[in-house]
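Derivation of every value follows stated rules applied to the coordinates shown; laboratory data play no part. Quick caveat, the model's predicted, so the values are computed rather than measured. Cβ: placed from backbone, ideal geometry, glycine included. Neighbour counts: every protein chain shown.
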Amino acid sequence: KFCKKTRYGLTALVDLAAQPSTTPVALKTIAERNDISLQFLEHIFASFRRTGIVKVSKAPGGYNLAKAADEITVASVVEALEGINLEDEDVLAENSYKGISDTIQKLVVDSVNQELDQILSNLTLAQMSGYYSDHYDKQEMYLSEYYRGLETQGCPDFRFFFYLRSVEGRQREE
């Protein structure tokens, strides 16, 4: 299971990858579209800047991917935010037999790390963005913005409109 920071980071990057590469996107826009705290997203994007995943565009003030989405792996995102490998820190403390701890590390933790690394190293942001575009309504990302605007304008039934929109989408799929 990924930590919240990684899930939000991946969400923000898929959002960014779905935008035209020439158009910088403001963090505030990404935060609002995905219901992520702007302050938390700023912290996440600081890590992305340091590791070369995103770049800041000074002119209009926003972010772009620093390289093509098919060159950014999920492994690089995870590594930027939390490191790549699982660690079995507690086994030795709980178990006084070092042999058991080594066995767990080698046969379980190391094996999981190896498989996880293989999966994450071969999965790119472009694949995730493509999957999203193929399987979900392209307007989904923008609907929450629209309905949030209705709510701030005093429209009490914005949730009902959102519900109707989601039902329409499900009916089209059936």
**Study point:** Virtual spin-label span in nm between Ser37 and Leu120, 7 Å along Cα→Cβ
**Key:** 2.3
Study note, to complete from the structure: So for R0 = 35 Å, FRET eff. of Ile100-Val56 from the Cβ-Cβ r, to 0.05, ends up at 0.10
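Say R0 is 22 Å: what FRET efficiency, to the nearest 0.05, do Arg49 and Asp110 get from their beta-carbon distance? List each step's numbers first, then the result.
Numbers: r = 32 Å, r/R0 = 1.44.
Computed FRET efficiency for Arg49 and Asp110 comes out at 0.10.
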